[in-house]
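What follows is a single structure, written as structure tokens, with notes after it.
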Amino acid sequence: VTMEGVHRYLEYGYPSIGVFNDEGGILINGYAMKDENCVKSMAAMCGMWGGASVKIVRAGSGELVIMDKRFSFHLMIQPAVANTLLSNEMATKQGFLGRCLIAYPKSTIGTRMYEDVDICADSRITQFQERLASLLRSDLPLVEGFNNRLEPREISPTQEALLEYIKYHDRVELQLDIDRDGL
């Protein structure tokens, strides 16, 4: 993965892109995250994650602005490779890791014995599959006159949800203040 490739795909392809890989080391130790590209790549991913417009100046073709796009990524990474990213000081200070939902579940190795189960017989699985298929078939909310610029609907939290968010926000902010000297 390169940010240039992601930008090109967003310019000519769908209005959103997801990078999903069960071998996250390909990204973490790949071209985009090499020392000379790392900050640039993390900054680009953070901006696209937040829905920011991307401005690119190319020699010969002038300025390009990519707007109304979305970017997400989901990586599964083995612990040794994850430690490379989690110990990257720039990933923390630049805000990249703050945009990541990191899960490190307890290993189930040695406990996953074979069971002859038809998961398609479970109504929860079939309902989940049907809902996913419905979402995939639905039309994207596009800006009128464009075939690859998103115009997502605005959603607002309930008053109760907003109060919960404010409490969570302030708790995190207080924790950041405690850790400020380490930044």
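The values are calculated or read from the model by the stated rules, or taken from the named source; none is laboratory data. Bear in mind that the values here come from a model prediction, so they are computed numbers and not experimental data. When we count neighbours, we look across all protein chains shown, and the Cβ atoms used for this are built from the backbone with ideal geometry, even at glycine. These accessible areas exclude ligands, DNA and RNA; they are computed on the full protein's heavy atoms, side chains included. Shrake-Rupley method; radii C 1.70, N 1.55, O 1.52, S 1.80 Å.
Couple of notes before you dig in:
- Residue in region 103-122 that is assigned to a helix (DSSP H, G or I), within 26 Å of the chain's Cα centre (by Cα) and over 29 Å from residue 92 (Cβ atoms) present: no
- Residue within region 1-10 that is under 20 Å from residue 141 (Cα atoms) and of a type outside the set (S, T, N, Q) present: yes
- Residue match in region 157-172 (condition: of a type in the set (Lys, Arg) and outside any helix (DSSP H, G or I)): no
- Residue 155 passes every criterion in (1) within 22 Å of the chain's Cα centre (by Cα); (2) surrounded by 10 or more Cβ atoms within 10 Å (Cβ to Cβ) apart from (2).
- Index of the failed condition, residue 133 passing every other in (1) of a type outside the set (Ser, Thr, Tyr); (2) modelled with pLDDT of 90 or more; (3) within 30 Å of residue 14 (Cα to Cα); (4) open to solvent by 70 Å² or more (accessible area, probe 1.4 Å): (4)
- Residue list for region 92-121, filter: surrounded by 10 or more Cβ atoms within 10 Å (Cβ to Cβ) and not β-branched (Val, Ile, Thr): 93, 94, 95, 96, 97, 98, 99, 100
- Conditions (1) under 24 Å from residue 7 (Cα atoms); (2) part of a helix (DSSP H, G or I); (3) in contact (Cβ under 8 Å) with a residue 12 or more places away in the chain; (4) open to solvent by 60 Å² or more (accessible area, probe 1.4 Å); number of the one not met by residue 146: (2)
- Identity of the residue in region 59-72, open to solvent by less than 70 Å² (accessible area, probe 1.4 Å), in a strand (DSSP E or B) and at pLDDT 85 or above, that ends up farthest from residue 144 (Cα to Cα): 72
- If you go through region 29-41 and keep only what is open to solvent by less than 50 Å² (accessible area, probe 1.4 Å) and either farther than 26 Å from residue 67 by Cα or of a type in the set (Asp, Glu) (or both), you end up with just 30.
- Enumeration of residues in region 1-23 that are at pLDDT 85 or above, open to solvent by less than 30 Å² (accessible area, probe 1.4 Å) and either within 15 Å of residue 97 (Cβ to Cβ) or in a loop (DSSP other than H, G, I, E, B) (or both): 15
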